[in-house]
Structures are given as structure tokens and as C-alpha cells.
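S.K.: The structure follows.
Just so it is clear, none of the values below were taken in a lab; they were calculated from the coordinates. Model, not experiment: these values are computed from the prediction. Cβ atoms come from the backbone with ideal geometry, glycine included; neighbour counts cover every protein chain shown.
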Amino acid sequence: MEINDITSKIIEESIYIHRELGPGLLESVYEEVLHYRLKKNGLRSERQKEIPVLFEGIKMETGFRADIIVEGKVLVELKSIETVPAVHYKKLVTYLKLSKLQVALLINFYEDLLKKGIKRVVNKYDPPK
């Protein structure tokens, strides 16, 4: 499955969830429901996936946890906050670099219209020809 197909499905499912549940719940609720919906639709979805930090060839004890990784290709970071600070987009670029993934979606379920809360972040993404 291509990255664009995966991100389209993630966005479609996120909009469905937002319409059903509405804004304002905890991030963990949206994370669990999105993970469930992606798996229900046949996508491989890993929740709270630990990503190690390698520095100078050494695996550090502490890394970070990705909210959801879909099909081993797309990192999904979920928020449920009034305003997403710019630093969160910078963090996503770092997460992409460390995870060696190319594309991430930051989805803020707090928005009245979810479409306004979806941002795509890329790290050297090479779209299919």
C-alpha cells in the first residue's frame, strides 16, 4: 500500500471518528478508537510504538513513543488541544528522522472541523512516480 493511500485512509477514519465522538475528549480516547478503526479496515497499526534513539551508533536507554505507526510507513501524532504550538511540527520532523519514516500526520481532534486540525509533515518524502 502506498503512503498516499495510507494517509488518505487515516484521514478518512479520523474524520469519521470526529463526527461520531466530537471534539474535546482525551487524546488517548482518539488514539484507541483510531487504532481500532484502522485495524478493523485491514491496516497494520501499532500503538505507543517505542522508537529508540541511536546516537554515535549506541542505542540510548530513552527514546520516544509514537502514538500510532500505520503499515510501518506513516507516523500519526494525535492531539486534543486548543492550539498546537509550532514546536510540535518541529518535533515531528525529528521523530520522522529518528524513526527513518518519511511522512507523519498531526491530527488535532479539538477542532470543530477536523479538516482544519490535520497537518502532513514530510521528511525527504519521494512520492510515487
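S.K.: Figure the gain on full extension for Leu21 and Arg44 (residue separation times 0.36 nm, minus the Cα-Cα span) and round it to one decimal in nm.
M.R.: Residue separation times 0.36 nm, minus the Cα-Cα distance, leaves 6.0 nm.
S.K.: Any idea what the relative contact order of the stretch 3-122 is, in percent, if you count C-alpha pairs under 8 Å spaced at least 6 apart?
M.R.: Details: 194 pairs, mean separation 29.7, N = 120.
For the stretch 3-122, the relative contact order is 25 percent.
S.K.: Which percent of Cα pairs goes in each bin when the distances of the stretch 62-104 are cut into 5 angstrom slices starting at zero?
M.R.: 5, 22, 33, 23, 13, 4
S.K.: While we're on this one: If I fit a long axis through the Cα atoms of helix 3-21 and take the longest principal axis of the Cα atoms of the chain, what angle between them do I get, 0 to 90°, rounded to 10?
M.R.: 40 degrees
S.K.: Neighbour counts of other C-beta atoms within 10 Å: give me Asp5, Asp112 arranged from fewest to most.
M.R.: By the 10 Å Cβ count, ascending: Asp112, Asp5.
S.K.: Using θ = phi - 60° and the Karplus curve 6.51 cos²θ - 1.76 cosθ + 1.60, what whole-Hz ³J(HN,Hα) does each residue of the stretch 49-54 get, with Gly and Pro shown as x?
M.R.: 6, 6, 10, x, 9, 9
S.K.: Calculated from DSSP H runs of 4 or more alone, at -39500 (n - 2.57) each and per residue, what is the 222 nm mean residue ellipticity of the chain, nearest 500? Could the numbers behind the result be given before it?
M.R.: Working: 3 runs with 46 residues, N = 129.
Helix-only estimate at 222 nm: -11500 deg cm²/dmol.
S.K.: Can you tell me the FRET efficiency between Lys115 and Glu56 if r is taken as the Cβ-Cβ distance and R0 is 25 Å, rounded to the nearest 0.05?
M.R.: So, using R0 = 25 Å, E works out to roughly 0.05.
S.K.: Near the amide H of Ile118, under 5 Å away, which other amide H atoms are found, from residues 5 or more places off or on another chain, if H is placed in the peptide plane?
M.R.: Asn108
S.K.: Sticking with this structure for a sec: On a 0 to 90° scale, report how tilted helix 87-99 is relative to the longest principal axis of the chain, with both axes built from alpha carbons and the result rounded to the nearest 10.
M.R.: Helix 87-99 sits at roughly 50 degrees to that axis.
S.K.: Would you mind computing the Rg to Rh ratio of the chain from its alpha-carbon coordinates, Kirkwood style for Rh?
M.R.: 0.96
S.K.: Each label point is 7 Å from the Cα along the Cα-to-Cβ direction; what then is the distance between the points at Lys124 and Glu12, in nm?
M.R.: 3.1 nm
S.K.: Sticking with this structure for a sec: Over 18 Å between C-alpha atoms is what I'm after, so list which of Lys9/Lys73; Lys39/Lys79; Lys91/Lys115; Lys9/Lys40; Lys73/Lys100 land there.
M.R.: Those over the limit are Lys39/Lys79; Lys91/Lys115.
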